[in-house]
Amino acid sequence: MAVLVQVYPDKQAASAAVAAKIGALIRRRNAEGRPAVLGLATGSTPLPLYAALVRLHREEGLSFREVVTFNLDEYEGLTGDRPESYRYFMEEHLFRHLDLRAGSTHVPDGIADDQPGACVAYEQAIRDAGGLDLQILGIGRTGHIGFNEPPSARESRTRRVQLDEVTRRDNASFFTRPEDVPHGAITMGVATILEARQVELLAFGSSKAAIVRRASGEVPTSACPATWLQLHPDCTFHLDPGANAAL
């Protein structure tokens, strides 16, 4: 197996294409009388996608009322009302702009007293929802998907991870001071991601070109977790010209 690579004129065009896929999935699931289950990502990369989904809702009447969502990850030690948290990010950029039902959105708990138990419960909640229909991913310069930093095994599940210093530096812009970036996070595992029926990875800009090349071309290994995506039967990389430059 190999990932499918699609290149677009810019990140807006790529995001619109993925939003259209999500819209088609939601309408199909609505017609079948069951919810669409989406795996969602955070950071700057999916922002144009979330803006496109909000437009589909407002301008084309796409309803998210029956949709269930699970986010990839959350920082350790941050409550959902902290502006740096991923729960806050999702509420600001997507959730509060849609007609989602209360309780239908899930983000890992970064402050759980029993973190291993919370991770097991998160996996069970995904299974109880019927599994992920479609997973959105970005990719980090370390090769992480979610916060699965290298080395991350193919069999890994939702767990607490230590963040690479490269990742902490890359995420420092979201915090008041670089030293405020947490050292740990809770993330879906590689196996959890690979069980999604459909995977759509977005990568934009020349800074992502080298890692995209590794992820799509190197032999799958825990040293570059994104290479495990080559084992997925329906995974597409959506790139702008900058991210495609090294292919």
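Suppose we keep only residues that are over 15 Å from Y86 (Cα atoms) and hydroxyl-bearing (S, T, Y) within the range 168-200. Which one would you say is farthest from the chain's Cα centre (by Cα)?
T176
Mind checking which residues of the range 220-245 are of a type in the set (A, V, I, L, M, F, W, C) and either surrounded by 17 or more Cβ atoms within 10 Å (Cβ to Cβ) or more than 21 Å from D164 (Cβ to Cβ) (or both)?
Those that are of a type in the set (A, V, I, L, M, F, W, C) and either surrounded by 17 or more Cβ atoms within 10 Å (Cβ to Cβ) or more than 21 Å from D164 (Cβ to Cβ) (or both): C224, A226, W228, L229, L231, C235, F237, L239, A243, A245.
Restrict the check to the range 193-212 and report whether at least one residue is part of a loop (DSSP other than H, G, I, E, B), under 23 Å from V7 (Cα atoms) and without any contact (Cβ under 8 Å) to a residue 12 or more places away in the chain.
Within the range 193-212 (the criterion being part of a loop (DSSP other than H, G, I, E, B), under 23 Å from V7 (Cα atoms) and without any contact (Cβ under 8 Å) to a residue 12 or more places away in the chain), the answer is no, since none of the residues qualifies.
Which one of these does A51 not meet: (1) closer than 21 Å to A196 by Cβ; (2) under 16 Å from the mean Cα position of the chain (by Cα)?
Just one mismatch for A51, condition (1).
Pick out, from the range 1-116, the strands (runs of 3 or more DSSP E) lying fully within it that include 1 or more residues that are among the polar types (S, T, N, Q) and surrounded by fewer than 17 Cβ atoms within 10 Å (Cβ to Cβ).
The qualifying strands (runs of 3 or more DSSP E) are 4-7.
Just need a number here: residues in the range 215-247 that are closer than 27 Å to L38 by Cβ and either among the basic types (K, R) or not in a strand (DSSP E or B) (or both).
Residues that pass the stated criteria total 18.
For F64, which of the numbered conditions (1) closer than 20 Å to A125 by Cβ; (2) touching a strand residue (DSSP E or B) at 6+ places or on another chain (Cβ under 8 Å) fails to hold?
(2)
Taking the residues in the range 147-176 that are out of contact with any His (no Cβ under 7 Å at 6 or more places or on another chain) and assigned to a strand (DSSP E or B) as candidates, determine which candidate is surrounded by the most Cβ atoms within 10 Å (Cβ to Cβ).
Within the range 147-176, the match that is surrounded by the most Cβ atoms within 10 Å (Cβ to Cβ) is N148.
Would you check which residues across the range 191-219 are surrounded by fewer than 20 Cβ atoms within 10 Å (Cβ to Cβ) and β-branched (V, I, T) and list them?
V219
No value in this document is a laboratory result; all are computed from the given coordinates. Remember, predicted model here, so these are calculated numbers, not experimental data. Note: ideal-geometry Cβ built from the backbone for every residue, glycine included; neighbour counts use all protein chains shown.
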